[in-house]
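**Student:** Here's a structure for you.
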Amino acid sequence: MARWERVAACDIDATLISPNEKLPSKAVQAAAPALRKNKVYLTLHSSRSHKLIENLVEPLDLRGNLCALDGGATIASANTGKITEQHWLTPELTASVVTKIGGLCTRIHYDTLSRGYTYEQVLASASNGTIPAEGAASVFGIFNTNDSDNVLGALAEISGIDRSPVMDYHDTPDLRCIQVFMPGINKQHGLERVLYHAGLERLREEGELYIFADGKNDLDLFAAAGDNCTKIALGNACDELKDAADWVAPPVQEDGVVAGFYRYGLLK
């Protein structure tokens, strides 16, 4: 097995993959095996579940690599989905979150199956006890922009949970979204646990961790870099992330992550 020399931690949506696309560009796909050859450990960090990254494993050459999914609640093998560590909402907390904010959401879900439900069906599942016994990694809600304060107020009434910031929902100006977790769960937690389980904490200490991201919830991902490592915001990133970055790459549509790989010597 290669002795890894650097780590590239990448958000997925609007960082590795352009909006409305299902796979990364050909340039990103070509870069992935070259990263492995250069002993760069590629790890994905996303609000997605493992089911929603399965199509990325082969084109991104992620065999054997760990990823932090569900916003940091699940640490799992990219290719097998085997869970190394998880911190999930209980069924009771899941039902409480869904009940509190479901009526304010245009869409809400707590697992892969419920992604296909209408919000009325999700609310029904919370009230009739059909939430899985293992609970949920998170609850993800989408709502109208003018309901943001109401959603935050409803969540503030529930103890024992944490949440992401209110975020833009893709390129839809009148919609926002939020993800609800167990306390202490976020992308910083996820990256730190990936480094621990993969035996790569030394690389962060040596400054050989490079983080690529675009969204407001990726400020937590940047926090895992500390003062020692490199933070790259895509050109399409939110202003807060750009302000916190060491460098702003071209946008995702121009393969900004690949530009970053070359700029920092991950690819030559």
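The values are calculated or read from the model by the stated rules, or taken from the named source; none is laboratory data. Please read these numbers as outputs of a predicted model, since none were measured by experiment. Note that each Cβ is placed from the backbone with ideal geometry, even for glycine, and that neighbours are counted across all protein chains shown.
**Student:** Pick from Glu201, Glu192: which is farther than 21 Å from Ser138 by Cβ and in the same structural domain as Leu62 (by TED's automatic domain parsing)?
**Tutor:** Result of the check over Glu201, Glu192: Glu201.
**Student:** Which count do you get for residues in the range 135-156 that are touching a strand residue (DSSP E or B) at 6+ places or on another chain (Cβ under 7 Å) and more than 21 Å from Leu89 (Cβ to Cβ)?
**Tutor:** 3
**Student:** Right, here's the next one. Could you say whether any residue in the range 155-162 is more than 22 Å from Gly72 (Cα to Cα), assigned to a loop (DSSP other than H, G, I, E, B) and modelled with pLDDT of 90 or more?
**Tutor:** Checking the range 155-162: at least one residue is more than 22 Å from Gly72 (Cα to Cα), assigned to a loop (DSSP other than H, G, I, E, B) and modelled with pLDDT of 90 or more.
Residue-wise test of (1) assigned by TED's automatic domain parsing to the domain that holds His197; (2) of a type in the set (D, E, K, R); (3) in contact (Cβ under 8 Å) with a residue 12 or more places away in the chain; (4) on the phi < 0 side of the Ramachandran plot.
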site: Arg48; (1), (2), (3), (4): yes, yes, yes, yes
site: Glu58; (1), (2), (3), (4): yes, yes, no, yes
site: Asn65; (1), (2), (3), (4): yes, no, yes, yes
site: Thr80; (1), (2), (3), (4): yes, no, no, yes
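**Student:** I would also like to ask the following. So, in the range 63-93, exactly how many residues are farther than 19 Å from Glu192 by Cα and buried (at least 22 other Cβ atoms within 10 Å of the Cβ)?
**Tutor:** Final tally of qualifying residues: 1.
**Student:** Let me ask something else about it. Suppose we filter the range 132-167 for residues that are surrounded by 21 or more Cβ atoms within 10 Å (Cβ to Cβ), of a type outside the set (Gly, Ala, Ser) and closer than 22 Å to Gly184 by Cβ; how many remain?
**Tutor:** 4
**Student:** Against the condition of a type in the set (Asp, Glu), surrounded by fewer than 20 Cβ atoms within 10 Å (Cβ to Cβ), in the same structural domain as Gly235 (by TED's automatic domain parsing) and within 21 Å of Leu266 (Cα to Cα), how does Glu21 come out, does it pass?
**Tutor:** Considered against the rule, which asks whether it is of a type in the set (Asp, Glu), surrounded by fewer than 20 Cβ atoms within 10 Å (Cβ to Cβ), in the same structural domain as Gly235 (by TED's automatic domain parsing) and within 21 Å of Leu266 (Cα to Cα), Glu21 comes out as no.
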